[in-house]
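Below is one structure, written out as structure tokens; comments come after it.
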Amino acid sequence: MKLLNTHPVKKSDLGFHGNLFGGKLLAWLDASAAGFACEFCDTPRMVTISIDKCIFKRPAKEGQLIKIYGAVEKIGDTSIKLKLEARSHNVYNGKQNIILETFITFVRIDEQGDAIPISDRVRNKVMYEKAVEEPHMDNKDLEGTDLQWTNKG
């Protein structure tokens with residue numbers, strides 16, 4: 001997963017019980033994911049269409065760092081689904097604990113707000129990255145793309 005953002009938890013970010021306010025964390029996740037979707041899809045016109053179920057696994061406290069990681073899960077004709085993780089980071093030992101995991105889906109839109117296709121070049125980028133991560137793929141898995149698959153052992 002790619003590191004998208006880091007946020008220090010400040011007193012103004014806390015809820016009634018002294019933990020990071022859930023709405024603040026969701027805002028950080030959505031903003032980080034939106035930037036990643038725009039960068040990955042080479043367009044500033046990406047909008048959030050859904051955020052999957054969010055289960056807060058543990059609290060975050062004042063003074064902790066929250067690191068937000070993301071990865072492309074799936075890409076469709078007009079949409080991209082990202083996997084997001086928010087992790088607390090201990091600056092003393094580098095240990096990270098997952099605070100929240102979720103999936104966020106974005107849609108590419110035109111000036112009128114209508115969904116438009118994500119470019120084939122971007123879609124091929126996803127196929128290439130999956131081929132690199134999963135070397136057991138063969139040329140048949142890459143049919144319909146402009147990639148040349150070579151297995152350099």
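The values are calculated or read from the model by the stated rules, or taken from the named source; none is laboratory data. The model shown is predicted, which means the values in this text are computed figures rather than measured ones. Cβ: placed from backbone, ideal geometry, glycine included. Neighbour counts: every protein chain shown.
Within the set LYS61, LYS53, LYS67, the sole residue that is in contact with a Gly (Cβ under 9 Å, 6 or more places away or on another chain) and basic (Lys, Arg) turns out to be LYS61.
Given the condition surrounded by 13 or more Cβ atoms within 10 Å (Cβ to Cβ), assigned to a loop (DSSP other than H, G, I, E, B), at pLDDT 85 or above and within 17 Å of the chain's Cα centre (by Cα), answer yes or no: does some residue in the range 79-90 qualify?
No: the range 79-90 contains no residue that is surrounded by 13 or more Cβ atoms within 10 Å (Cβ to Cβ), assigned to a loop (DSSP other than H, G, I, E, B), at pLDDT 85 or above and within 17 Å of the chain's Cα centre (by Cα).
Among the residues in the range 23-41, are any surrounded by 15 or more Cβ atoms within 10 Å (Cβ to Cβ), within 17 Å of ARG123 (Cα to Cα), modelled with pLDDT under 95 and more than 12 Å from the chain's Cα centre (by Cα)? Yes, the range 23-41 contains a residue that is surrounded by 15 or more Cβ atoms within 10 Å (Cβ to Cβ), within 17 Å of ARG123 (Cα to Cα), modelled with pLDDT under 95 and more than 12 Å from the chain's Cα centre (by Cα). Of all residues in the range 58-68, those that are modelled with pLDDT of 95 or more and either closer than 12 Å to ALA34 by Cα or in contact with a helix residue (DSSP H, G or I) (Cβ under 9 Å, 6 or more places away or on another chain) (or both) total 2.
Conditions tested, residue by residue: (1) of a type in the set (Gly, Ala, Ser); (2) more than 27 Å from GLY94 (Cα to Cα).
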site	(1), (2)
ALA31	yes, no
CYS38	no, yes
PRO44	no, yes
ILE49	no, yes
LYS53	no, yes
ALA60	yes, no
ILE66	no, no
TYR69	no, no
